[in-house]
Every structure is written in structure tokens, then in C-alpha cells.
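Enquirer: Okay, handing you the structure first.
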Amino acid sequence: MSKPLKDTLSVKRNIRHFDFSEPYWEGTKQKKLVLQRCKATGKFQHFPRPVSIFTGRRRDIEWKEVSGKGTVYSYTITERGTPGFRGQEPYAVVCVTLDVGVNFVANIVNCTVEELKVGMKVKPYWHPLDDGTHLCMFQPDKD
């Protein structure tokens with residue numbers, strides 16, 4: 001019998017938005033993953049920053065929509081969560097290498113302990129937040 005992972009969807013989240021990350025959060029309102037891309041190098045970066053991590057210049061940043069699909073690079077199963085997550089155990093946090101080459105850390109939902117593997121294909125799962133944005137989590141991509 002598969003041991004289910006809890007999804008942490010009932011955890012109240014208050015996420016602080018910075019001015020330079022607003023395009024990211026605006027994209028989540030439509031369940032779109034929009035990441036920063038350096039125009040000079042063509043490389044993506046995540047988490048949002050005020051400048052390109054490749055050139056150090058603000059003017060080199062543009063925002064591009066990506067699929068959000070990727071592969072689990074690493075994960076941990078949390079048996080004892082921090083105060084806000086207590087009672088939600090066990091839940092998993094995954095590090096996903098997106099198809100565009102950046103790593104993205106988030107919870108995984110709709111997954112069992114037995115299913116969760118390094119190399120597993122995943123796709124976004126959009127969890128609605130109170131402010132109209134969505135939190136990007138991941139779920140197995142069984143397509």
C-alpha cells in the first residue's frame with residue numbers, strides 16, 4: 001500500500017512581494033509561470049532578482065513564460081515541520097530542474113512516497129492564495 005504525502009494546501013501562507021518580482025506574481029494570477037531571462041546571455045534565472053545574475057545589469061532582464069515542466073533533481077520528506085506546517089507531515093519538498101535549466105524549490109502534491117523519485121517528471125500545480133495569486137507547486141507529470 002502506498003503511503004500518501006500530505007499536500008500542505010491548508011497551510012496559511014503570507015508571501016511578501018517585492019516590486020521587481022511583480023511580473024512573476026501577475027503571471028500566477030493566470031496560472032502561468034513567468035521567469036526572468038537575461039537578454040545578454042539567453043539564460044533564465046529564478047528566483048526573481050532586481051538584476052541579471054549573469055551581467056549584474058537591470059536592463060538585461062526580460063520576462064518570459066515557460067511551461068513549468070521539469071525533473072525532480074532532489075527532494076526531502078519532512079516528518080517534522082516548522083510551526084506553520086506542524087500537523088501536515090509527512091510532506092515533501094522538491095528541487096526541480098525546469099526544462100529551461102533553472103532549479104525551482106516547492107512542495108509536491110498528488111504524489112505518494114513510493115512514486116517520488118529523483119528523475120521523476122513533474123508539472124506545475126497552481127494553489128490559489130487569498131490575494132488572487134497562485135503558489136506554484138509541482139505534481140507528477142503522467143502524460
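The values are calculated or read from the model by the stated rules, or taken from the named source; none is laboratory data. On a predicted model such as this, the values are computed, not experimentally measured, just so you know. Positions of Cβ are backbone-derived with ideal geometry, glycine not excepted, and every protein chain shown enters the neighbour counts.
Enquirer: In the stretch 36-66, which residues are part of a loop (DSSP other than H, G, I, E, B) and either in the same structural domain as Cys136 (by TED's automatic domain parsing) or basic (Lys, Arg) (or both)? Even if it seems obvious, please write down each step before you answer.
Expert: Quick first cut of the stretch 36-66, residues part of a loop (DSSP other than H, G, I, E, B) only: 39-43, 46-57.
Residues satisfying the conditions are Lys39, Lys43, Arg49, Arg57.
Enquirer: Another one. Return yes when Thr97 is surrounded by 13 or more Cβ atoms within 10 Å (Cβ to Cβ), in the same structural domain as Met137 (by TED's automatic domain parsing), within 21 Å of Trp126 (Cα to Cα) and in contact with a Gly (Cβ under 6 Å, 6 or more places away or on another chain) and no when it is not.
Expert: It is true that Thr97 is surrounded by 13 or more Cβ atoms within 10 Å (Cβ to Cβ), in the same structural domain as Met137 (by TED's automatic domain parsing), within 21 Å of Trp126 (Cα to Cα) and in contact with a Gly (Cβ under 6 Å, 6 or more places away or on another chain).
Enquirer: Are any of the residues in the stretch 76-93 assigned to a loop (DSSP other than H, G, I, E, B), at pLDDT 95 or above and not assigned by TED's automatic domain parsing to the domain that holds Glu26? Full working, then the answer.
Expert: Taking the stretch 76-93 and keeping what is assigned to a loop (DSSP other than H, G, I, E, B), we get 79-82, 86-90.
Subset that is at pLDDT 95 or above: none.
So far as the stretch 76-93 goes, no, none of its residues is assigned to a loop (DSSP other than H, G, I, E, B), at pLDDT 95 or above and not assigned by TED's automatic domain parsing to the domain that holds Glu26.
Enquirer: Has the stretch 6-23 got any residue that is modelled with pLDDT under 95, exposed (fewer than 11 other Cβ atoms within 10 Å of the Cβ) and closer than 24 Å to Gly101 by Cα?
Expert: no
Enquirer: Of the residues Val96, Val51, Val66, which is of a type in the set (Val, Ile, Thr) and in contact with a Ser or Thr (Cβ under 8 Å, 6 or more places away or on another chain)?
Expert: Checking each option against the conditions leaves just Val96.
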